[in-house]
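So the structure is just underneath, and the comments pick up after that.
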Amino acid sequence: MNFGRRPQVRGLYHWLEIATEKIASPAKERIRSEIEAHYAEALAGHVAEGQTETDAKAAALADLGDPKTAARRLRRQHLTEREAGLADCMLRYERSGVSLAFACLVFGLIYRNCRDQGLLIPGFLGFVVFPAVSFIIARRKVVRMSVLVLTECLDGCVVAAVVYMMGLWPIYRLDAWVAVLVMGFACVVRPLRLWYKLRRAGDDWQEMPTE
């Protein structure tokens with residue numbers, strides 16, 4: 001049984017494979033190049049101290065530390081493949097105009113059928129203004145992805161408030177709370193987490209290939 005035991009690292013490239021797993025490209029390639037350079041410098045230092053090549057390689061690899069620990073640190077500092085995919089899907093969706101068209105359609109239905117005039121201003125913000133701003137940001141040649149994601153997050157907050165004000169989710173029903181939690185995660189929590197990550201790792205997104 002090997003439960004709880006760390007797998008043996010078989011050389012530098014195996015270490016890099018573990019440490020950079022799930023990191024989005026091309027950030028992964030940049031990180032690998034930096035670590036390879038650091039490893040080569042450490043290897044040369046150990047050889048200069050009189051160690052054999054085999055011992056020097058083992059010592060230089062040990063200097064890098066545990067690859068799983070490094071992987072956790074790198075995933076906190078850089079965009080993961082999943083986060084980059086989510087940002088790319090969001091950008092494509094907003095750029096296509098589908099989101100804006102659907103949101104305007106929903107506002108048209110609210111304007112036509114809602115008797116509460118107090119809903120029109122937040123409804124206009126949530127279903128017209130914020131989607132239009134997102135569309136404009138997404139269509140720019142140079143997209144500030146963190147701004148787009150933050151706009152989406154604010155839009156999600158307003159839309160959730162409008163839906164609640166319309167009384168579609170009675171507060172005493174369990175399925176209403178489940179719907180609130182699902183919508184809150186999809187429209188607020190997940191974009192907010194992505195926005196925070198883009199603020200920390202914005203250079204990773206700027207390196208992503210564009211159409």
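The values are calculated or read from the model by the stated rules, or taken from the named source; none is laboratory data. Everything numeric here is computed off the predicted structure, so don't read it as measured data. Counting neighbours? That spans all protein chains shown, and the Cβs are built from the backbone with ideal geometry, glycine included.
Quick notes on this structure:
- Enumerated helices (runs of 4 or more DSSP H) restricted to the range 117-170, each holding at least 1 residues that are within 19 Å of ARG190 (Cβ to Cβ): 130-139, 145-165
Here is a yes/no grid of residues against (1) surrounded by 15 or more Cβ atoms within 10 Å (Cβ to Cβ); (2) β-branched (Val, Ile, Thr):
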| position | (1), (2) |
| --- | --- |
| LEU16 | yes, no |
| ILE35 | yes, yes |
| GLY45 | no, no |
| GLY50 | no, no |
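- Checking GLU81 against (1) out of contact with any strand residue (DSSP E or B) (no Cβ under 8 Å at 6 or more places or on another chain); (2) closer than 30 Å to VAL147 by Cα, the condition it does not meet: (1)
- Sub-8 Å Cβ pairs linking a first residue in the range 125-151 that is touching a residue at least 12 places away in the same chain (Cβ under 8 Å) and assigned by TED's automatic domain parsing to the domain that holds VAL188 to a second residue that is basic (Lys, Arg) and assigned to a helix (DSSP H, G or I), at least 6 apart or interchain, are PHE135/ARG95; ALA138/ARG95; ARG139/ARG95; SER146/ARG199, ordered by first then second residue.
- Only a single criterion out of (1) at pLDDT 90 or above; (2) buried (at least 16 other Cβ atoms within 10 Å of the Cβ) is not satisfied by GLU152, namely (1).
- Within the range 15-46, the set of residues being among the basic types (Lys, Arg) and assigned to a loop (DSSP other than H, G, I, E, B) comprises just one member, LYS22.
- LYS28, sole failed condition from (1) surrounded by fewer than 18 Cβ atoms within 10 Å (Cβ to Cβ); (2) within 19 Å of the chain's Cα centre (by Cα); (3) at pLDDT 90 or above: (1)
- Scan the range 64-83 for residues that are out of contact with any Lys or Arg (no Cβ under 9 Å at 6 or more places or on another chain), loosely packed, with under 14 Cβ neighbours inside 10 Å and in a helix (DSSP H, G or I) and the total you get is 3.
- Tallying residues that are surrounded by fewer than 21 Cβ atoms within 10 Å (Cβ to Cβ) and either closer than 14 Å to GLY97 by Cβ or not aliphatic (A, V, I, L, M) (or both) within the range 136-149 yields 7.
- Enumeration of residues in the range 11-59 that are out of contact with any Ser or Thr (no Cβ under 9 Å at 6 or more places or on another chain) and basic (Lys, Arg): ARG30, LYS57
- Among (1) basic (Lys, Arg); (2) assigned to a loop (DSSP other than H, G, I, E, B); (3) touching a residue at least 40 places away in the same chain (Cβ under 8 Å), the one test that LYS57 misses: (2)
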